[in-house]
Structures are given as C-alpha cells and as structure tokens.
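The structure appears right after this line, and notes come after that.
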Amino acid sequence: MLIERLMAIARKVPHSRMLLDVGTDHGFLPVFLVEQGIAERAIASDISEPSLNKARAYIAQRGLGDRIETRVGNGLSVVKPGEVDTVLIAGMGGLLIRDILEQGREVALKAQTFVLQPMTAQDLLRKWLIGNHFRIVDEVLAKEGERIYEVIVAKHGDQEAPEEIYYEIGRKLIENQDPLLEEFVLKKIAKAREILNKLRGQNTENAQRSYEEFYKKLLKYEEVYKWDVRFKKS
C-alpha cells in the first residue's frame, strides 16, 4: 500500500495507455498504477542511475519488467513526442517541475494529462501553467505527519487567470471543499502571523517592505478562510 501522499497522486491518474513517472525513485507509483490496471504500461525515469537501480529491483520483484521500462535521463527528454499520454512529476520543487515542462515542451504538447505534486513554489507553478495554456482541472490535498501536500492535475487548454491569492490556494480545492482545506488555510494564516511577529520592530527598508507584503497576504488568507472555507461550509 502506498503512503498517503503517493496514494493521493495515484487517485488522480486517469486510465493511461502509457504513463511516464519522472524522478521515479523507488518506482512505487508506476508499479501500483500498472498493478491496479490504471496504466497499461509505464516508463519509470530518473536522472540518477543509482536511484533508478532501486526502481529496477522493485519492478523485477513485482514481476513487471515486461510492462514497466526504466530510462535514465533528465525530465521529459527520456521519451519522444506522442509516446506517453500521462505525465507524472512528484516530489520536486514547483520551479523544477515548471522547467521540466518548459524544456520538454514538444513532449508535453502531445501528452494529455499532467499529475503534478510540487513540494515548494506551488503558486508559481500554478501561475506558469495558466500562463502557458494549461488548464488546472482538479486538485487535492494529502497529509502526512504535520505536512500537507498539494496535488495538481492539468490538461491543455486556456483558463482565466484568477485573483493572485488563488495561485497559493487553488480554486479547485475550494470548489471541491477539500477535507483538508480548512487546516491548510489555517496553516498559511499561522505562518504569515509568525513571519509578521519576527519582522515587527525591524526598521530596515527590506523588513518594512516584507512586513507590508505579508500583512496584505494575511488579510487575503483570512478573507479566503472567512468566505471560501467557513461560509461555504456552513
């Protein structure tokens, strides 16, 4: 059984003829998806040969060497345009995911669905997707320990740019009233208050600028919490 973060990703993968898991590490996701019949075949890739060897061993252990291929390489460069219909990129920073999609644009244009799980810079990834003719069609939150992870599902298509705050708190999470949404927003509020407390009393120009920025952000978080979380919940 997959850990909760990986299970949340797996639940968002559509039936796929051929799936690419970029940065597969141990290969847990492609093995699960093929065993469950969600993916007919898969390519597990990693930039590191030693990391990929761990996936190879697990794939062999599960008897799936004829249905899951492993390839060493960077991002989407390991496949040809049209070779895969679903691209899975998880456990990386949002800016790295953005760069992988940008650098592999020819492959990305031919794929249909992108299941992305950024560890950082989720807002910048959402902004890049919407600004580059991707539509965010679904999102879900997953919790492990004290950390909440964001899973973004995107397809090709145009989408109206949202208000800035909804790059940080995805609109689909609000539309779906994700079970973890309230905790997720409250964590953002608590973090903004913590930063403001640290900045309070610092008289440098940079500190004052940061204080104003985070104060405005706090007000936006509280507005989202009031109207998009509590009001819609009641």
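Observations, loosely collected:
- Euclidean distance between Cα centres, region 100-174 to region 11-45, Å: 19
- 3J(HN,Hα) from dihedral phi, region 62-73, Karplus parametrisation 6.51/-1.76/1.60, rounded to Hz, x for glycine, proline: 8, x, 10, x, 8, 10, 10, 9, 10, 9, 8, x
- Shape analysis of region 15-79 places it in the oblate category; the axes a ≥ b ≥ c from the Cα gyration tensor give an a/c of at least 1.5, with a/b not above b/c.
- Sequence-ordered 3J(HN,Hα) estimates for region 160-170 from the Karplus curve with 6.51, -1.76 and 1.60 and θ = phi - 60° stand at 5, 5, x, 4, 3, 4, 7, 6, 8, 10, x Hz, glycine and proline given as x.
- Interchain or long-range residues, amide H under 5 Å from Ala90's placed H: Val22, Gln117
- Accessible surface for the chain, divided over its residues, is 51 Å² per residue with a 1.4 Å probe.
- Taken along the Cα-to-beta-carbon direction at a fixed 7 Å, the label points for Arg62 and Met7 span 1.6 nm.
- Residues whose amide H comes within less than 5 Å of that of Thr70, counting only those at least five positions distant or on another chain, are Ala44 (H built at 1.01 Å from N in the peptide plane).
- Computed per residue of the chain from DSSP H runs no shorter than four, each worth -39500 (n - 2.57), the mean residue ellipticity at 222 nm is -13000 deg cm²/dmol.
- Region 153-234 - percent relative contact order, Cα under 8 Å, separation 6 or more: 37
- Solvent-accessible area of His26 with every protein chain in place, 1.4 Å probe, in Å² to the nearest 10: 70
- Using C-alpha pairs under 8 Å with a sequence gap of at least 6, the mean separation divided by the residue count of the chain gives a relative contact order of 14 percent.
- What the phi angles of region 116-128 give under the Karplus curve with 6.51, -1.76 and 1.60, with θ = phi - 60°, is a coupling list of 10, 10, x, 8, 9, 6, 4, 5, 5, 5, 4, 4, 5 Hz, glycine and proline written as x.
- Estimated at 0.36 nm per residue, the fully extended path between Asn203 and Tyr215 surpasses their Cα-Cα distance by 2.7 nm.
- Surface composition of the chain: carbon and sulfur make up 50 percent of the accessible area, probe 1.4 Å.
- For the peptides 77-90, 192-205, 113-126, residues were scored by their other Cβ atoms within 10 Å and the scores averaged per peptide; the highest-first order is 113-126, 77-90, 192-205.
The values are calculated or read from the model by the stated rules, or taken from the named source; none is laboratory data. Keep in mind it's a predicted model, so treat the numbers as computed, not measured. Here Cβ is always computed from backbone atoms with ideal geometry, including for glycine, and neighbour counts include all displayed protein chains. Note: accessible area is taken over every heavy atom of the protein model, side chains too, but ligands, DNA and RNA are not part of it. Shrake-Rupley method; radii C 1.70, N 1.55, O 1.52, S 1.80 Å.
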